[in-house]
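Have a look at the structure below before the remarks.
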Number of protein chains: 2
Amino acid sequence: MGNTRATGTKVADAAVSDAKTPRTERGRRTLRKLLDAAAEEFGEKGFHEASVSSITRRAGVALGSFYTYFDSKDGLFRALVADMSEKVRTSARSALSDDMGALEIERAALTAFLRFAAEHKEIYRIIDEAEFVDPESYRMHYQTIAERIADRLHSGAAKGELREGLGELEAWAVMGMNVFVGLRYIVWGAAEMTPEQVAAGVNRLLAEGVLRR
Amino acid sequence: MGNTRATGTKVADAAVSDAKTPRTERGRRTLRKLLDAAAEEFGEKGFHEASVSSITRRAGVALGSFYTYFDSKDGLFRALVADMSEKVRTSARSALSDDMGALEIERAALTAFLRFAAEHKEIYRIIDEAEFVDPESYRMHYQTIAERIADRLHSGAAKGELREGLGELEAWAVMGMNVFVGLRYIVWGAAEMTPEQVAAGVNRLLAEGVLRR
């Protein structure tokens, strides 16, 4: 799927592996429209109230076309979770550059995630609902992110910036911080703090912990 | 409800304020049985598949008795979330003592939470499902815990052990770490790490952050 672009967002490989891969540019655009409409529909109504006919209506796509790409509402939901995971990944990655220090990388990745969540508040509801609708996708979403964070922590240690011994436990802790501050300040928040301010506070916690020095 | 005890666990005030308060010891025992059976049933089946008749069967309580205490399955679920919040609170509090330092308090509170979660793995599913079934309970659960953590961080700063300026943001970050390591190592884990080991790792992160020194 290398450089396939439709409405500006690459369709996640995993989403496509779940959908039937479109062979034409027009097909890829239709798939993208269905995924975007699904994000709105599942985000607003939740999985059980959402309907395929309402999603195709939002997408401006014929109902018959839906079944060209997906077998069922379940299949679409699974593809959407994979697509959301991929969007989180690319939004974080696009904020990083090679000359950043290890801590700066964590701050930039969190800022990018929070900005993404501010634009796509439905992501929390959709990922959280996956725990019930499609537990395997839910697990995969978090495992994949934790592995990415663990890789970054290892790189930071290899460069001598971070302490030795950081690994999966610390990656899950960092992910948990990021998810919960996003819930509090972005999804529930009344814009008391910007993504940059939230990320700066979390970054200081990572840098120095809570002890007085 | 001060020292009301039934099967060894105090019935949460909030749960009782949602249920109709039983006036007799026998009534309190019945309410406790219903809440414990509800935790099993909602934990195994989820809210939608769970049924009042199956819960009363598990509890060994007549169906008619259910309606002495609750108006509906929704009311029972709401009471159960409040009861779970209260149990998390009391399990953490019982692990703390006045002579502990601020960091030690965080470690002990997390260890107690993880032990509780190991014994009641259904808590994750129930709290997470509250986001969909009863959003107000979901929000309240986390807000209350975050306030408690913020209070502890303030106390630690007042005693000169923790740095100044720790507050709500750091409390949400700490809560996020705790919830996610519990998900990874207790709910999904294959006992690779004990609650004590997980809490020690998180505590080191709080103590010193990730930087090499």
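Going by what's in this entry, would A:Phe180 be described as of a type outside the set (Val, Ile, Thr), closer than 18 Å to B:Val179 by Cβ and modelled with pLDDT under 95?
No; evaluated as a whole, the condition is false for this residue.
Going through segment A:57-88 one residue at a time, which ones are more than 23 Å from the chain's Cα centre (by Cα) and part of a helix (DSSP H, G or I)?
The first filter runs over segment A:57-88 and keeps only residues more than 23 Å from the chain's Cα centre (by Cα), leaving A:57, A:60-68, A:71.
The answer is A:Arg57, A:Leu63, A:Gly64, A:Ser65, A:Phe66, A:Tyr67, A:Thr68.
Name the pairs: first residue in segment B:195-208 and more than 9 Å from every other protein chain (Cβ to nearest Cβ) and within 13 Å of B:Thr111 (Cα to Cα), second residue part of a helix (DSSP H, G or I) and modelled with pLDDT of 95 or more, Cβ to Cβ under 6 Å, at least 6 apart or on different chains?
That search, which allows pairs on different chains as well, returns B:Pro195/B:Thr111; B:Pro195/B:Leu114; B:Pro195/B:Arg115; B:Glu196/B:Thr111; B:Ala199/B:Arg107; B:Ala199/B:Leu110; B:Ala199/B:Thr111; B:Asn203/B:Arg107.
Could you tell me how many of the residues in segment A:41-66 are basic (Lys, Arg) and open to solvent by less than 70 Å² (accessible area, probe 1.4 Å)?
Final tally of qualifying residues: 0.
Please work out if A:Arg213 is in contact (Cβ under 8 Å) with a residue 12 or more places away in the chain and either assigned to a loop (DSSP other than H, G, I, E, B) or outside the structural domain of A:Ala39 (by TED's automatic domain parsing) (or both).
no
What number of residues within segment B:68-105 are over 22 Å from B:Ala39 (Cα atoms) and β-branched (Val, Ile, Thr)?
Within segment B:68-105, residues that are over 22 Å from B:Ala39 (Cα atoms) and β-branched (Val, Ile, Thr) number 1.
How many residues does segment A:89-107 hold that are under 24 Å from A:Met193 (Cβ atoms) and either open to solvent by less than 20 Å² (accessible area, probe 1.4 Å) or not in a helix (DSSP H, G or I) (or both)?
Selection size over segment A:89-107: 7.
How many residues does segment B:180-194 hold that are open to solvent by 20 Å² or more (accessible area, probe 1.4 Å), facing another protein chain (nearest Cβ under 10 Å) and either in contact with a strand residue (DSSP E or B) (Cβ under 8 Å, 6 or more places away or on another chain) or in a helix (DSSP H, G or I) (or both)?
So the count comes out to 1.
I need every pair where a residue in segment B:106-124 that is over 14 Å from B:Asp36 (Cβ atoms) has its Cβ under 7 Å from the Cβ of a residue that is not in a helix (DSSP H, G or I), sequence separation at least 6 or different chains.
Pairs found: B:Ala108/B:Ala95; B:Ala108/B:Leu96; B:Ala108/B:Met100; B:Ala109/B:Ala95; B:Ala109/B:Leu96; B:Thr111/B:Ala95; B:Ala112/B:Ala95.
Among the residues in segment A:26-40, are any modelled with pLDDT under 90, open to solvent by 20 Å² or more (accessible area, probe 1.4 Å) and outside the structural domain of A:Thr144 (by TED's automatic domain parsing)?
For segment A:26-40, residues modelled with pLDDT under 90, open to solvent by 20 Å² or more (accessible area, probe 1.4 Å) and outside the structural domain of A:Thr144 (by TED's automatic domain parsing): absent.
Taking the criterion of being open to solvent by 10 Å² or more (accessible area, probe 1.4 Å) and over 24 Å from A:Leu162 (Cβ atoms), would at least one residue in segment B:200-211 satisfy it?
no
Looking at segment B:118-132 only, could you name the residues that are aliphatic (A, V, I, L, M) and open to solvent by 30 Å² or more (accessible area, probe 1.4 Å)?
Within segment B:118-132, B:Ala118 is the sole residue that qualifies.
Output the residues belonging to segment B:134-146 that are hydrophobic (A, V, I, L, M, F, W, C) and more than 10 Å from chain A (Cβ to nearest Cβ). Steps first, please.
Narrowing segment B:134-146 to residues hydrophobic (A, V, I, L, M, F, W, C): B:140, B:145-146.
Residues satisfying the conditions are B:Met140, B:Ile145.
Pairs under 6 Å by beta carbon, first residue at the interface with chain A (Cβ under 8 Å from one of its Cβ atoms) and within 19 Å of A:Tyr142 (Cα to Cα) in segment B:164-177, partner charged (D, E, K, R) and part of a helix (DSSP H, G or I), six or more apart or different chains?
Within 6 Å, the pairs are B:Trp172/A:Arg184.
Taking only segment A:116-137 into account, find how many residues are among the charged types (D, E, K, R), assigned to a helix (DSSP H, G or I) and touching an Asp or Glu at 6+ places or on another chain (Cβ under 9 Å).
Selection size over segment A:116-137: 5.
The values are calculated or read from the model by the stated rules, or taken from the named source; none is laboratory data. Predicted model, so just to flag it, every value in this text is computed and none were measured. Please note: Cβ atoms are built from the backbone with ideal geometry, for glycine as well, and neighbour counts cover all protein chains shown. In case anyone asks, the SASA skips ligands and DNA or RNA and just uses the protein heavy atoms, side chains included. Shrake-Rupley method; radii C 1.70, N 1.55, O 1.52, S 1.80 Å.
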